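Here's the structure we're looking at; comments come further down.
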Amino acid sequence: MFDYQAPENLLKDRIILVTGAGDGIGKAAAIRFAKHGATVILLGRTTKKLEDVYDQIESAGGPQPAIYPMNLEGASPKDYDDLAVTIEKEFERLDGVLHNASLLGNLSPISQYDIETWYKVMQVNLNAPFLMTQALLPLLHQSKDASIVFTSSSVGRKGRAHWGAYAVSKFASEGIMQTLADEEEGIGPVRVNTINPGATRTHMRAQAYPAENPEQLPRPEDIMNVYLYLFGPDSQGVTGQAFDAQ
């Protein structure tokens, strides 16, 4: 596991948007960010799940989070502009974005890959983070210390048979991270990195490896150290890097 001990007030007064915040790694990150003082904007497609996370944060005494239901598969550029307008109106700035939401798609050879599924995976895993980042960059520039993290994967660093659109989209996540980090370095407060969570006990992992015993995998809550590091002040100046949570 990534070795980092986060101070209790690490994220005090920070405003962080988490996509896919209703479940899995996104849920764990949102709850942990709030525990360390952040005001978290919970973005996801299922309002009930977001409300459950909201309630957990509130009952634990964290700063009041915000809920923003959004289906990344069907969102238009205007939807991302509306998101930025809402955040600016409520908070005036943004200190972090965790691009966590992803679709697995089909595990099948490229030669047989379903075209509609390919489009859906690329829309959620690549186009949505691009459009959202573009819309939110002005708000991130209003921060004194802003962090963008794209979620990668081991199959986004070395291709593997049958991982199709998911693998290709994660290679693209590494590409947009490197490109944006190079553009932002030295001109403002925004740093940009990727995290590969590794094998973690999530619904997506179970979908990809149905025969695997999930009890042998770390929980999302167990891999949060690198997430805390990258969204806190201790990682200032760290940009363009590909991190592993495990």
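Below is a table of values for the structure above.
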item: Centre separation in Å (Cα based) which lies between the stretch 21-61 and the stretch 89-120; result: 19 Å
item: Computed magnitude of the charge dipole of the chain (debye, nearest 20; Cβ of K, R +1, Cβ of D, E -1); result: 440 debye
item: The stretch 97-104 - phi-based ³J(HN,Hα) in whole Hz, Karplus 6.51/-1.76/1.60, Gly and Pro as x; result: 9, 9, 7, 10, 4, 8, 10, 7
item: The chain - percent relative contact order, Cα under 8 Å, separation 6 or more; result: 21 percent
item: Among 11-18, 183-190, the order from most to least packed when residues are scored by Cβ within 10 Å on average; result: 11-18, 183-190
item: The chain: DSSP helices with Cα axial extent of at least 20 Å and average Kyte-Doolittle hydropathy no lower than -0.5; result: 164-184
item: Relative contact order, percent, the stretch 1-76 [alpha-carbon distance under 8 Å, six or more residues apart]; result: 28 percent
item: Over 26 Å (Cα to Cα) - which of K35/K78; K35/K120; K27/K170; K89/K120; K12/K158; K49/K144 fall in this group; result: K35/K78; K35/K120; K89/K120; K12/K158; K49/K144
item: Karplus (6.51, -1.76, 1.60) ³J(HN,Hα), θ = phi - 60°, over the stretch 146-155, in Hz, Gly and Pro reported as x; result: 10, 10, 10, 10, 9, 8, 10, 6, 4, 7
item: By accessible area with a 1.4 Å probe, ligands and nucleic acids excluded, highest first: order of W118, W163; result: W118, W163
item: Rounded to the nearest 10 Å², the accessible area of D52 at probe 1.4 Å; result: 60 Å²
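The values are calculated or read from the model by the stated rules, or taken from the named source; none is laboratory data. Here the structure is a predicted model, which is why all the values come from computation and not from measurement. Cβ coordinates were reconstructed from backbone atoms using ideal geometry, including for glycine residues, and neighbour counts include every protein chain displayed. Accessible surface is based on the protein model in full, side chains and every heavy atom, while ligands, DNA and RNA are left aside. Shrake-Rupley method; radii C 1.70, N 1.55, O 1.52, S 1.80 Å.
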